[in-house]
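J.: Submitted below is the structure of interest, expressed as structure tokens.
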Amino acid sequence: MYWSWDVAFDVLPQLARGVIVTIEATIVASLLAYVLGLGIAIIKMSKSKFIRVFVYWITEFVRRTPILVQLYVVFYVLPDYGIFLEAFTCGVLVLGIHFSTYTSEVFRAGIDNVSKGQWEAAKSLNYNTYQAWKNVILPQAIPPMIPPLANYLITMFKETPLLAAITVVELFRAADQYSNSHYKYLEPMTLVGVFFLIVSIPSAILAMKLEKKFKSNKV
Amino acid sequence: MNQVLSFYPILIDGTITTIILTILGAILALVISFIVGLARISTFTSIRVLAIVYLEFFRGSSALVQMFFIYFVLPMWGIYFDALTAGVIACGCNVGAYGSEVVRGAVLAVGKEQHEASKALNYSNYKRYRYVIIPQAIPIMIPTFGNLLIELLKLTAVASLITISDLTFMAHIIRVQTALTLEPFLVILVIYFIIASVLVKIVDLIAKKFSKGRNIMIAGEN
């Protein structure tokens, strides 16, 4: 079986449409993961032990079970309860929720890194909780979080092919559909792999640079 | 629920398949982690470059794509794997790439004075790594390896897409047979959670055993 450029060019338009869906899914899912992750991190700092333990076990449950099964749960089960969501929405929801349990750790570590003195300083300036968060804590906590959050963005990008399993026609499923209808497997699948490499290697290098930059700022 | 539980034979089969996939994948990943991780700090440029190519290739493309490539594309070049082997290879190679970074980081984290000390004892390169550096690096690796092990377990669910009859695959069979949706998936989610929790406990025990009596800092995740 040899590489055929004719097939490669023939499949490209379909793949291009898939790429757009892949990128959309990555962006929406990552935004959801960041917002939810911050929310979880804040809840995990709650004073009530019950809430902390409860949230801990829920996030652990989500972390310790496969994304694919979670996708199936949302995709197949919700319609039984009268909730009809598009496949794309299901996929983005699951990806976002799954990775929010990871990003919450990043947020928590970032917030923990801001020393207690800063809280006391905010209090002594008579800031209320909202003002303390907005003006004192978050501006110091956010920069060191950026590199790990960028890494999770890349990870999420690489997990988007799983959405193919719930009929979202993203890049991988677009290639698979072409393969199945034309009996050509080599070119579509290779192009998909190459596309992931083209995007994720430079972004990984960028994330590494960010990491170095923020590390040198800190000292 | 009873209807789902009456399918317990295939659920047990699926659980066993998932565990086998995880164990074989973990062994392969561990071997690859050490080979590639140590190759990254080799003095030969060509070996380092090869290791980086491997790392970037498997870390850069998606695991599902790799799995499909191994199972559906390689046969066209006459390289045949049965589904389970393809799943193990894909899971192992993928997680092995991430693991190699852990090995590299841990080995580099061992202090310079240890290298100098073994030089002073006239240890050869092999002896230096075998008896001095790696034994000190292993406790640093274990917690992160634990996280990767969970990632590996979760990755095995994806292997159901290349027709391996693991837990996820069995849940599909039950779903089709009973027309129930929530219950089969709920059952396997719980099974996955239990397997993962047991793995976490085992890794914790190993980490404790290795760090006993040693005054080292255990690197947390990330």
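Rule-based calculations on the coordinates, nothing more; no lab input. Everything quoted here is computed from the prediction, not taken from an experiment. Using ideal geometry, Cβ is built from the backbone for each residue, glycine included, and neighbour counts are taken over all protein chains shown.
J.: With each label point set 7 Å from Cα along the Cα-Cβ vector, what nm distance links residue B:43 and residue A:182?
T.: 5.1
J.: Quick check: Cα centre of segment B:13-29 to Cα centre of segment B:38-94, how many Å?
T.: 18
J.: Within a 10 angstrom radius of the beta carbon, how do B:165, B:62 rank from fewest other beta carbons to most?
T.: Numbers: B:165 18, B:62 25.
Ordered by Cβ neighbours within 10 Å, fewest first: B:165, B:62.
J.: Moving on to the next point. Given that compact globular proteins tend to follow 2.2 N^0.38 Å, what is the ratio of the alpha-carbon Rg of segment B:2-211 to that value? Write down the numbers at each step before the final one.
T.: Numbers: Rg = 20.3 Å, N = 210, 2.2 N^0.38 = 16.8 Å.
My calculation over the Cα atoms of segment B:2-211 gives 1.21.
J.: Now for a separate question. Take B:40, B:48 and order them by how many other Cβ atoms sit within 10 Å, fewest up front.
T.: Values: B:40 21, B:48 14.
If I rank by nearby Cβ atoms, fewest first, I get B:48, B:40.
J.: For B:141, B:76, what ranking results if the residue with the fewest other Cβ atoms within 10 Å of its Cβ goes first? Write down the numbers at each step before the final one.
T.: Details: B:141 27, B:76 12.
Arranged by neighbour count, lowest to highest, B:141, B:76 become B:76, B:141.
J.: Would you mind listing how long chain A runs along its three principal axes, going by Cα atoms, in whole Å with the largest first?
T.: The principal-axis extents, from largest down, are 71, 48, 25 Å.
J.: A further question follows. Considering the options A:122, A:38, A:92, tell which one lies farthest towards the positive end of the dipole of chain A, charges being +1 on Lys and Arg and -1 on Asp and Glu at the Cβ, about the Cα centre.
T.: Value computed over the given set: A:122.
J.: Counting helices only, and only those DSSP H runs with n ≥ 4, report the 222 nm mean residue ellipticity of chain A as the sum of -39,500 (n - 2.57) divided by its residues, in deg cm²/dmol to the nearest 500.
T.: On the way: 8 runs with 164 residues, N = 219.
Per the formula, -26000 deg cm²/dmol.
J.: Treat every Asp and Glu Cβ in the protein assembly as shown as -1 and every Lys and Arg Cβ as +1, leave all other atoms uncharged, and give the resulting dipole magnitude about the Cα centre to the nearest 20 debye. Mind showing how you got there, number by number?
T.: Details: 35 positive and 25 negative charges, 431 e Å.
Dipole size: approximately 2060 debye.
J.: Would you list the membrane-span-like helices of chain B, meaning whole DSSP H runs whose alpha-carbon atoms span at least 27 Å along their axis and whose mean Kyte-Doolittle value is at least 0.5? Write out the running numbers ahead of the final one.
T.: Values: long enough: B:8-40 (46 Å, 1.95); B:83-109 (39 Å, 1.21); B:134-158 (35 Å, 1.32); B:182-211 (43 Å, 1.86).
TM-like helix candidates: B:8-40, B:83-109, B:134-158, B:182-211.
J.: Now a separate question. Under 10 Å, Cα contacts only: if you run a Gaussian network model on chain B, which one of B:118, B:211, B:100 comes out with the highest mean-square fluctuation?
T.: B:118
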